[in-house]
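So the structure is just underneath, and the comments pick up after that.
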Amino acid sequence: MRALPFRRTAAAAPPAARRIIRLNNGFQLLFNLLWWMPVFYAYQRDAGLSDGQIFGIQSIYYIAFCLFEIPTGVVADRIGARNCLRAGAVVMTAANLVPVVSASYAGFLVHFLAIAAGRSLTSGAASAYLYEGLRAERAESHYLRAEGTARALGLAAKVGCWPLVGPLMALAPQTPYVLSAASAAGSLGCALALPRLAPGGAEAGADARRGRRGSPLRDSGAALRALRASPWLALLMVQGVAVFTLSRICQVNLFQPVLLEHGVGESTHGSVLAAMTVAEAVASGRPQWLGRRLSPMAWVSVLSVALAATLAGTALGGPWAVIALLCAFAAVTGFVYPVQRKLVNDAIPSDAPRATLLSVESIVDRGVCAIAAVAAGAYLAAGRLDALLWQSAAVTCVLIPAIHMALHRMSPEKAAARRAKRAAFSTSGGLAAGPGSRAAPPVPEQPVPLPVDEGAAPRP
């Protein structure tokens, strides 16, 4: 696979594609604007929950996410990604209001279960809608930049909001949850304004699937067949698990315990998370900074190892060093996310149920997160946070190179070369190709290399 072939200029997207990009930006910004994120750990402790209960809820959340992913992915492929985004926004709005009504263990459990349902409805559908929408408008070369920009804008909004959480909570403790619900309601407005895709896009595919009996089962079966037929796609998804798991566990579950361990008070957590978000937003919007020297697959592997090493480094040094390392961790996450999403989307065959397959990746990711959350709670309860950080880094640094070597060996280019070599040998060297000989199997569809204008800086 070729290196990231960026240029300095990019062709302008057609008006319909620009509208899709703008509405996707608004949806991603508002849907993911969780005002309570910097303080939910302390908020639950103030409500009387223990560390075991808090991390137990997180583990249940990730398991629920796994259970919701396949049915919601199938629903997205059947009813259309656009309708699935609307349903997810409705569920997310209601979920953020639950802690306002009941600040108890049961209330927070229901809250996170509803969050899992809302996010699972959109996790595959959002990426599938953007990818198919731009392809339907002949603007697929803008996908990588659109994915990264949406993430960057969402993160930039958090930068302005999260430092305000502390003062707002002093006025009313439930304010972060009320504002999160209002943001989710705004994302519903963006989802309602999303256009119906042109014929041949995801919406047209959903119409065709609605007209077939047993469509949900057939979509699930088609997704499993696509994974069996393409070990390359399956390994790409596994490669992304390390990135997403480390990112979520650090920025959601371990962020506040790490800061508290190094003497950084709760009053500054919002500002620290805002600084991390600035770093991630800048990196997400500039994937072209990665350069040409490595292929996208190699960049994901290298950056995954860098994530693990940076997280382990937070066990060393003082408060300022930890804050700097957390910001570096966030920047690496910003770089790797859009490239990994592009790799997986390109590896999915055009006739496969895209949202269902993207949900499969989320299932593996959340399953690992569920295990990691339980482990994190156990380590914290035993006062062994540093051991957790070091051991997580060691596992990642062993696993990622192994996956990268397997991907390199299974790459479509390598497979095609091996088939061509066998065909040449059978026709000219040793085995004569008689009338009954079987033809060489066709070359499988391989991921599309990143177009030359993706991720390029806009014209001045």
>> Residue under question is Glu147, and the condition is that it be closer than 23 Å to Val339 by Cα, open to solvent by 40 Å² or more (accessible area, probe 1.4 Å), in contact (Cβ under 8 Å) with a residue 40 or more places away in the chain and under 21 Å from the mean Cα position of the chain (by Cα); does it hold?
In response: no
> So which residues in region 121-144 are open to solvent by 20 Å² or more (accessible area, probe 1.4 Å) and among the hydrophobic types (A, V, I, L, M, F, W, C)?
Replying inline: Leu121, Ala136
> Taking region 307-330 as the region of interest, how many residues are under 29 Å from Ala234 (Cβ atoms) and surrounded by fewer than 19 Cβ atoms within 10 Å (Cβ to Cβ)?
Replying inline: 1
> Could we say that Ala222 is surrounded by fewer than 21 Cβ atoms within 10 Å (Cβ to Cβ), modelled with pLDDT under 80, in contact with a Pro (Cβ under 9 Å, 6 or more places away or on another chain) and under 30 Å from Ile400 (Cα atoms) here?
Replying inline: yes
> Looking at Pro173, Pro167, Pro163, Pro199, which is the one that is under 27 Å from Asp46 (Cα atoms), open to solvent by 30 Å² or more (accessible area, probe 1.4 Å), in a loop (DSSP other than H, G, I, E, B) and at pLDDT below 90?
Replying inline: Pro173
> How many residues does region 102-116 hold that are surrounded by 21 or more Cβ atoms within 10 Å (Cβ to Cβ) and small (Gly, Ala, Ser)?
Replying inline: 1
>> Looking at region 394-404 only, could you name the residues that are within 20 Å of the chain's Cα centre (by Cα) and either within 20 Å of Pro257 (Cα to Cα) or open to solvent by less than 60 Å² (accessible area, probe 1.4 Å) (or both)?
In response: Thr396, Ile400, Ile403, His404
>> Out of the residues in region 342-356 meeting the condition of being assigned to a loop (DSSP other than H, G, I, E, B) and not charged (D, E, K, R), tell me which one is modelled with the highest pLDDT.
In response: Ile348
> In this structure, is Phe68 aromatic (Phe, Trp, Tyr), open to solvent by 20 Å² or more (accessible area, probe 1.4 Å) and under 18 Å from the mean Cα position of the chain (by Cα)?
Replying inline: yes
>> It is to be established whether one or more residues within region 279-301 are of a type in the set (Gly, Ala, Ser), touching a His at 6+ places or on another chain (Cβ under 9 Å), part of a helix (DSSP H, G or I) and open to solvent by less than 40 Å² (accessible area, probe 1.4 Å).
In response: yes
>> Quick check on Leu254: is it open to solvent by less than 10 Å² (accessible area, probe 1.4 Å) and at pLDDT 75 or above?
In response: yes
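The values are calculated or read from the model by the stated rules, or taken from the named source; none is laboratory data. Predicted, not measured: the structure shown is a model, and the values here were computed from it. Every residue, glycine as well, gets a Cβ built from its backbone with ideal geometry; the counts of neighbours run over all protein chains shown. Surface areas here come from the heavy atoms of the whole protein model, side chains and all, with no ligands, DNA or RNA. Shrake-Rupley method; radii C 1.70, N 1.55, O 1.52, S 1.80 Å.
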